[in-house]
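Report on the following structure.
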Amino acid sequence: MSQDTRSLRRRNIIGGADASGDAWTPNVNPSDTSDVIGEYARGSASDAQEAVAAARASLPRWAFATPQERADVLDRAGDEIVRRADELGDLLAREEGKTLPEARGEVVRAGQILKFHGGQALRNTGEVVDSIRPGVEVAVTREPLGVVSVITPWNFPIAIPAWKIAPALAYGNTVIFKPAELVPGCAWELVDVLRRAGLPDGVLNLVMGSGRDVGPVLTGSPEVDGISFTGSVATGEQILAESAPQRTRLQLEMGGKNPLVVLDDADLGVAVEVALQGAFGSTGQRCTASSRLVVTRGIHDRFVAALTEQMLQWRVDDARTDGTHMGPVVDAAQLAQDERYLAIARDEGGQLIGGDRVERSASGHYLSPALVVGTDNSMTVNREEVFGPVASVVEVADYEEALAVANATEFGLCSGIVTTSLAAASHFRRHSLAGMVMVNVPTAGVDYHVPFGGRRASSYGPREQGTYAKEFYTLVKTSYTAPGAP
Ligand code: TXE
């Protein structure tokens with residue numbers, strides 16, 4: 001299946017051209033660590049500076065491009081990505097480790113996002129309102145924010161970059177894109193598709209490399225007007241502190257510790273399916289994963305038994321093998337983090353089901369799905385984001401306690417409830433302290449035409465995605481005109 005890519009080398013793309021560079025990072029397949037996809041440039045601080053300068057220089061050209069030009073580029077790029085979904089899905093599964101169906105779905109989603117925002121470029125309307133003064137017209141319009149740094153994590157290698165870059169470009173901004181070190185393959189393809197779709201040179205610049213080396217330029221430069229970041233809480237907070245003196249506009253999407261409430265009246269089959277997909281889909285490496293299962297007493301034992309039975313049947317294997325339910329953990333460091341949290345959960349009194357290392361013919365970072373039962377909400381596994389195939393169960397007396405436990409977290413990205421009670425579902429939707437609430441559907445799995453984001457430690461700044469994306473990527477201008485002599 002894999003083409004011979006031993007000699008594949010991808011450079012950074014700055015000012016529309018392949019940048020020079022002599023440092024490289026191997027892109028390693030987590031399902032088979034002997035498989036190296038290629039070597040990708042490891043950019044330096046001076047590359048990042050060049051990219052910022054290129055983005056700044058191209059800003060007037062793109063900021064004043066017609067909406068039709070912007071729409072056409074995004075639409076053409078979206079079409080190409082959807083057309084190449086099998087090929088790019090294979091690359092995504094190979095570099096990140098999610099299963100082929102998940103990876104292909106993510107690629108198609110990226111294409112749809114580009115096309116959606118292509119349409120949005122044509123809908124950047126303002127408003128004209130009557131002034132309180134006679135003879136004066138008031139217009140409210142939106143202009144591009146300017147030069148934007150887009151910094152992305154490894155868990156959605158093409159969808160997250162697409163949902164930041166597409167609205168940035170749609171509204172006339174120029175971009176420096178820094179993907180996560182572990183997944184440069186999809187990032188490079190995305191930028192290459194967009195440049196061939198007709199993006200002028202310098203409008204979208206790719207700087208691959210470590211956050212430590214290139215990050216400070218992308219987040220600290222006074223030439224950067226906005227930063228859209230998804231990643232860990234620690235890095236997000238560092239960016240918040242470092243960018244504050246420049247008053248840079250920020251959009252931070254960080255961790256989650258998302259609760260899924262299961263009530264006594266739930267349909268057991270629905271509850272198990274929603275929990276399985278929400279907790280272990282994409283190897284649990286999603287900020288929207290349901291990592292805390294808050295279950296009322298009357299259904300607890302049946303739910304745990306049925307979930308365990310299903311979970312133990314999941315096949316953990318090479319991401320690109322037919323029949324794999326769950327691919328590997330992304331790398332050795334993440335696997336060590338997952339196992340450390342499992343050990344802490346056991347030490348604090350939880351009982352562990354699954355969570356074993358799995359041996360396959362190729363050497364990969366395989367861990368079976370893990371369920372920690374008998375936990376209470378104060379345990380570390382219920383306070384901190386593990387970011388792996390690990391879910392814990394908190395047993396509660398009733399709905400009121402379930403709601404209180406669900407809300408007792410420093411995070412607030414999303415939450416879910418499985419119930420057949422309209423009253424409970426409606427109450428939960430209103431009282432859950434999360435940015436996104438799911439009723440009888442998995443916590444992970446969102447639409448691209450509606451806002452995405454959370455509260456408290458999960459998110460900072462305006463929402464991402466859908467029509468709400470313009471709140472971050474545009475500046476509002478109010479102009480007053482007296483058309484003629486009074
Ligand atoms: O995240 P980082 P990593 C959590 C998850 C995971 C842990 C570490 O627990 O195990 O974070 O993952 C760039 N200035 N999540 O190391 O470091 C970095 O290069 C500017 C949860 O991938 O936050 C990458 O492109 N940029 C989360 C991006 O920031 C910097 C998704 C994210 O990297 C930088 C990902 C700096 N100083 C990880 N340092 C979720 N909940 O979705 C790093 N970067």
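The values are calculated or read from the model by the stated rules, or taken from the named source; none is laboratory data. Values in this document were obtained by computation on a predicted structure and should not be read as measured data. Note that each Cβ is placed from the backbone with ideal geometry, even for glycine, and that neighbours are counted across all protein chains shown.
In table form, for the structure just shown:
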| item | result |
| --- | --- |
| Every residue from segment 257-268 that is more than 13 Å from the ligand (Cβ to nearest atom) and crowded, with 22+ Cβ neighbours inside 10 Å | Pro259, Leu260, Val261, Val262, Leu263, Ala266 |
| Residues being in contact (Cβ under 8 Å) with a residue 40 or more places away in the chain and within 16 Å of the ligand (Cβ to nearest atom) - total across segment 372-398 | 12 |
| In segment 165-178, the residues that are over 26 Å from Ala234 (Cα atoms) and within 16 Å of the ligand (Cβ to nearest atom) | none |
| Residue that is crowded, with 22+ Cβ neighbours inside 10 Å, out of contact with any strand residue (DSSP E or B) (no Cβ under 7 Å at 6 or more places or on another chain) and within 30 Å of Cys186 (Cβ to Cβ), where the choices are Val147, Val107 | Val107 |
| Which listed residue is in the same structural domain as Leu250 (by TED's automatic domain parsing), in contact (Cβ under 8 Å) with a residue 40 or more places away in the chain and more than 26 Å from Arg286 (Cα to Cα), from Val175, Val107, Val183, Val147 | Val147 |
| Selection count, segment 284-324, where residues are surrounded by 19 or more Cβ atoms within 10 Å (Cβ to Cβ), part of a loop (DSSP other than H, G, I, E, B) and of a type outside the set (Asp, Glu) | 8 |
| Residue in segment 120-129 that is modelled with pLDDT of 95 or more and in a helix (DSSP H, G or I) present | yes |
| Which listed residue, of Val224, Val304, is away from the ligand (no atom under 16 Å from the Cβ) and in contact with a strand residue (DSSP E or B) (Cβ under 9 Å, 6 or more places away or on another chain) | Val304 |
| Residue check, Ile113 buried (at least 23 other Cβ atoms within 10 Å of the Cβ), within 16 Å of the ligand (Cβ to nearest atom) and under 18 Å from the mean Cα position of the chain (by Cα) | no |
| Single match in Ala162, Ala187 (criterion: within 10 Å of the ligand (Cβ to nearest atom), small (Gly, Ala, Ser) and within 15 Å of the chain's Cα centre (by Cα)) | Ala187 |
| Qualifying residue in segment 207-217 (condition: more than 11 Å from the ligand (Cβ to nearest atom) and in the same structural domain as Leu250 (by TED's automatic domain parsing)) | no |
| Given (1) within 18 Å of Leu59 (Cα to Cα); (2) surrounded by fewer than 23 Cβ atoms within 10 Å (Cβ to Cβ); (3) not acidic (Asp, Glu), number of the condition Gly226 does not satisfy | (2) |
| Leading residue by the ranking (farthest from Glu39 (Cα to Cα)) among those in segment 137-159 that are of a type outside the set (S, T, N, Q) and within 11 Å of the ligand (Cβ to nearest atom) | Val150 |
| Qualifying residue in segment 243-256 (condition: within 30 Å of His300 (Cβ to Cβ) and either near the ligand (Cβ under 10 Å from one of its atoms) or among the basic types (Lys, Arg) (or both)) | yes |
| Count - residues of segment 414-457 that are assigned to a strand (DSSP E or B) and either surrounded by fewer than 20 Cβ atoms within 10 Å (Cβ to Cβ) or at positive phi (or both) | 2 |
| Search result, residues across segment 194-221 that are surrounded by fewer than 24 Cβ atoms within 10 Å (Cβ to Cβ) and either in contact with a Phe, Trp or Tyr (Cβ under 7 Å, 6 or more places away or on another chain) or in a helix (DSSP H, G or I) (or both) | Arg195, Arg196, Pro200, Gly211, Arg212, Asp213, Gly215, Pro216, Gly220 |
| Sole residue being hydrophobic (A, V, I, L, M, F, W, C), within 9 Å of the ligand (Cβ to nearest atom) and closer than 26 Å to Leu342 by Cα, chosen from Ala279, Ala275, Ala234, Ala271 | Ala234 |
| Filter result (touching a residue at least 60 places away in the same chain (Cβ under 8 Å) and closer than 14 Å to Ile176 by Cα) within segment 18-49 | Gly43, Ser44, Ala45, Asp47, Ala48, Gln49 |
| Among residues of segment 16-27, those that are under 30 Å from Thr321 (Cα atoms) and surrounded by fewer than 19 Cβ atoms within 10 Å (Cβ to Cβ), counted | 3 |
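Rundown of residues vs (1) among the hydrophobic types (A, V, I, L, M, F, W, C); (2) more than 23 Å from Trp154 (Cβ to Cβ), yes/no style:
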site	(1), (2)
Arg10	no, no
Thr33	no, no
Val36	yes, no
Tyr40	no, no
Ala45	yes, no
Ala55	yes, yes
Thr66	no, yes
